[in-house]
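Enquirer: Take a look at this one; I'll ask things after.
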Amino acid sequence: MQLVLVRHGQSANNLSWAIEQARKRQREAEEPGAEIVEEVLEWPSRVPDPTLTDLGIRQAQALGTALSSDRPPFVPTHLYASPTLRAVATARPLAEATGLPLVLQPEAFEVGGIQDVDPQTGEREGRPGATLAKLQDYGGVLQAPPGLFPAEGEPWDGGYEEDYRPAFPRAQRVLSSLLIAHRLEDVVVLVSHQFFAQFVIAAAFGWDSLPGRGFRVDNTGHLSLRLVEGKTEAEWINRVDHLDPGDVTN
C-alpha cells in the first residue's frame, strides 16, 4: 500500500500564529531580552476548529488541479480526511478532481484534539468538533463511519487529549486500520495535520519516539510512504511542487 499523507491548507490559526511570531521577533529585535510570554499567550484570534484562509483554499485547489493533470504527483484510489473543518475543506478539491468519495477518518485529528486555550493562563480545555452537516458545508459529500457522531445533528466529541502520549497508539490504530482495509496496489490519501503526521511516520517505521526535530510538512505539502510486507519506505517528504513558490506556507 502507498500511503500519501497530505497536510491541510493554511488555516486561520496558521496565519494568526505566523503574525504573532512575526510580532514577537520584531519586539525581540527592538528590545533584546524582553519578556514576551504574555504576547504568545494573548492569541485572541485563535479558534478551536479553524477554517482555511483564502490562501489555504488556493493551495488545496492547486493540489486538486495537479491531481487532474496529465502528470499527477500521485494517483489516489481512496481518500480520507481528519474530521476537522480545515482538513475536509482541503480534501474537497481532491475528491472533485479524482471523483473519489471522501471518507472521514475519526482518529486522524491533530495532536491534542479540538481545544480552546485561555489567553491569559494558557490553560487548555476540550471542545466538541463540528456536526456532519457543518463538515459537509466545507468538505462536500462525506462518508462518516458509525459511531463518529453520537446522534444525527450532534457534533463529534473533538478528541481532546491531555498530552502527546495518546497520539502514538492513535497513529498506530489509524495505520493498522488502513492496512487492513486496503490492498497492496492501493494508493491511500489521508488529509491530516503536520504534528500528527510525525506520529504516523513513527508508527510506520516502528519507532518508539518521534524523529528528532521532526519532518517539515508545509500547508498542502505531502509525503509518501510505501508499506509492503511489513517494510516501510519513504518515497518523498514534503512535496509542494503543485504550489507557486510564493504560496508555500507552514
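Enquirer: Among what's in region 71-94 and is over 21 Å from residue 183 (Cα atoms) and β-branched (Val, Ile, Thr), pick the residue that is surrounded by the fewest Cβ atoms within 10 Å (Cβ to Cβ).
Expert: Step by step, filter region 71-94, then rank; the result is 88.
Enquirer: So, one more: When region 233-247 is examined, which residues are found to be touching a residue at least 24 places away in the same chain (Cβ under 8 Å) and buried (at least 16 other Cβ atoms within 10 Å of the Cβ)?
Expert: 239, 242, 243, 247
Enquirer: Answer yes or no as to whether residue 174 is under 21 Å from residue 84 (Cβ atoms), among the β-branched types (Val, Ile, Thr) and in contact with a Leu (Cβ under 6 Å, 6 or more places away or on another chain).
Expert: The answer is no for residue 174.
Enquirer: Has region 123-135 got at least one residue that is basic (Lys, Arg), at pLDDT 95 or above and crowded, with 19+ Cβ neighbours inside 10 Å?
Expert: Within region 123-135, none of the residues are basic (Lys, Arg), at pLDDT 95 or above and crowded, with 19+ Cβ neighbours inside 10 Å.
Enquirer: Pull out all pairs, ordered by first then second residue, where Cβ-Cβ is under 8 Å, the residues are six or more apart or on different chains, the first lies in region 175-199 and is of a type in the set (Ser, Thr, Tyr), and the second is part of a strand (DSSP E or B) and modelled with pLDDT of 95 or more.
Expert: Between residues of region 175-199 that are of a type in the set (Ser, Thr, Tyr) and residues that are part of a strand (DSSP E or B) and modelled with pLDDT of 95 or more, the close pairs are 192/5; 192/6; 192/7; 192/81.
Enquirer: Where residues in region 201-224 are buried (at least 23 other Cβ atoms within 10 Å of the Cβ) and of a type in the set (A, V, I, L, M), which of them is nearest to the chain's Cα centre (by Cα)?
Expert: That would be 217.
Enquirer: A follow-up question, please. Name every residue in region 39-54 that is at pLDDT 90 or above and among the polar types (S, T, N, Q), in order of residue number.
Expert: If the condition is that a residue be at pLDDT 90 or above and among the polar types (S, T, N, Q), then 51, 53 are the ones that fit.
Enquirer: On the given criteria, is residue 212 touching a residue at least 40 places away in the same chain (Cβ under 8 Å), small (Gly, Ala, Ser) and assigned to a loop (DSSP other than H, G, I, E, B)?
Expert: Here the answer is no, as residue 212 does not meet what is asked.
Enquirer: Related question: Can you go through 190, 179 and tell me which one is in a strand (DSSP E or B) and among the aliphatic types (A, V, I, L, M)?
Expert: 190
Enquirer: Just checking, how many residues over region 152-163 are loosely packed, with under 13 Cβ neighbours inside 10 Å and either at pLDDT 95 or above or hydroxyl-bearing (Ser, Thr, Tyr) (or both)?
Expert: Total satisfying the criteria: 2.
Enquirer: Right, another one. Condition (residue is more than 24 Å from residue 16 (Cβ to Cβ), in contact with a helix residue (DSSP H, G or I) (Cβ under 8 Å, 6 or more places away or on another chain) and among the hydrophobic types (A, V, I, L, M, F, W, C)) applied to region 101-110: is it met by at least one residue?
Expert: yes
Enquirer: So which of 93, 72, 106 is of a type outside the set (Lys, Arg), under 22 Å from residue 175 (Cβ atoms) and either modelled with pLDDT of 95 or more or over 18 Å from the mean Cα position of the chain (by Cα) (or both)?
Expert: Answer to the selection: 106.
The values are calculated or read from the model by the stated rules, or taken from the named source; none is laboratory data. Please read all numbers here as calculations on a predicted model, not as lab measurements. All Cβ positions, even for glycine, are placed from backbone atoms using ideal geometry, and neighbour counts span all protein chains on display.
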